[in-house]
Amino acid sequence: MNIPDMETCLALLQQYDILPNVLEHSLQVHKVACALAQNLNGSVAINRDLVCAAALLHDITKSRALKTGEKHDISGRELLESLGYPEIADIVGQHVFLRDTSPNSPLTEADIVYYADKRVMHDEIVTIEERIQDLLKRYGTTPERYNKILENKDIILIVEQKLARHLSKPVEEIIHSLKA
């Protein structure tokens, strides 16, 4: 498995012209995802390095997508696959919409990155409700998109429950410690 270290991830983000605000968001998502992975209780096999790298790279094509209108989860997945990071590409491709949303499926690295992304609004760690309201305001421009965001809220809560079963501390305690 090919997992870039933090220095390589940051170099990739710069190489693909990440905007400063998108970089700040990515750094916060990285912080949340790594903290969650660090606080797993050992009941599930999660590759922490994979979580941290994917969290940092999850918006690698977001800046470009703001200009082109492309779906940055898809273009990010394709880019990372082409760079030789298939496992990271798979996670990046799921950070907007998870592939497996069953509450009974095992917790995965993609779940952690997806959840961490939903807890960061711009560069601020927020509640799920605050993030959903922000997403509705920014992206819920059609009834279909609005409803998809609301459906996603249910999925976020399912992932939070899955995550809680495998953490050594409550989710909110971990999140709160990051805000201090």
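State all residues of the stretch 47-57 that are over 14 Å from THR8 (Cα atoms) and within 11 Å of the chain's Cα centre (by Cα); if no residue qualifies, say none.
VAL51, the sole residue that qualifies.
Being assigned to a helix (DSSP H, G or I), within 15 Å of ASN2 (Cα to Cα) and either within 10 Å of the chain's Cα centre (by Cα) or without any contact (Cβ under 8 Å) to a residue 60 or more places away in the chain (or both), is that true of even one residue in the stretch 69-80?
yes
Consider GLY76 against the criteria (1) surrounded by fewer than 19 Cβ atoms within 10 Å (Cβ to Cβ); (2) in contact with a Ser or Thr (Cβ under 7 Å, 6 or more places away or on another chain); (3) not β-branched (Val, Ile, Thr): it satisfies all of them except one. Which criterion is unmet?
Evaluating GLY76 over (1) surrounded by fewer than 19 Cβ atoms within 10 Å (Cβ to Cβ); (2) in contact with a Ser or Thr (Cβ under 7 Å, 6 or more places away or on another chain); (3) not β-branched (Val, Ile, Thr) leaves (1) as the failure.
For the structure I just gave you, tell me whether SER82 is of a type in the set (Gly, Ala, Ser) and more than 23 Å from MET121 (Cα to Cα).
yes
Return the residues of the stretch 46-62 that are surrounded by fewer than 19 Cβ atoms within 10 Å (Cβ to Cβ), in contact with a helix residue (DSSP H, G or I) (Cβ under 7 Å, 6 or more places away or on another chain) and assigned to a helix (DSSP H, G or I); say none if nothing qualifies.
Matches in the stretch 46-62: ARG48 only.
Of the residues GLN94, GLN133, which single one is more than 15 Å from the chain's Cα centre (by Cα) and surrounded by 13 or more Cβ atoms within 10 Å (Cβ to Cβ)?
GLN133
Residue-wise test of (1) of a type in the set (Val, Ile, Thr); (2) in contact with a His (Cβ under 6 Å, 6 or more places away or on another chain).
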| residue | (1), (2) |
| --- | --- |
| LYS71 | no, no |
| GLU78 | no, no |
| ILE91 | yes, no |
| HIS95 | no, yes |
| GLU109 | no, no |
| LYS118 | no, no |
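Pick from the stretch 136-180 the residues that are assigned to a loop (DSSP other than H, G, I, E, B) and in contact (Cβ under 8 Å) with a residue 12 or more places away in the chain: which of them is surrounded by the most Cβ atoms within 10 Å (Cβ to Cβ)?
For the stretch 136-180, the residue satisfying everything is HIS166.
Of everything in the stretch 1-57, what is within 18 Å of LEU80 (Cβ to Cβ) and hydroxyl-bearing (Ser, Thr, Tyr)? Give them in sequence order.
THR8, TYR16, SER26
Restricting to the stretch 66-80, name every residue that is among the aliphatic types (A, V, I, L, M) and in contact with a helix residue (DSSP H, G or I) (Cβ under 7 Å, 6 or more places away or on another chain).
LEU80
Quick one: what pairs do we get from the stretch 1-17, first residue outside any helix (DSSP H, G or I), second among the aromatic types (Phe, Trp, Tyr), C-beta under 7 Å, 6+ apart or different chains?
Hits for this filter: ASN2/TYR85; PRO4/TYR85.
Laboratory data are not the source of any read-out in this text; all were calculated from the coordinates shown. Quantities reported herein were computed from a predicted structural model and do not represent experimental measurements. When we count neighbours, we look across all protein chains shown, and the Cβ atoms used for this are built from the backbone with ideal geometry, even at glycine.
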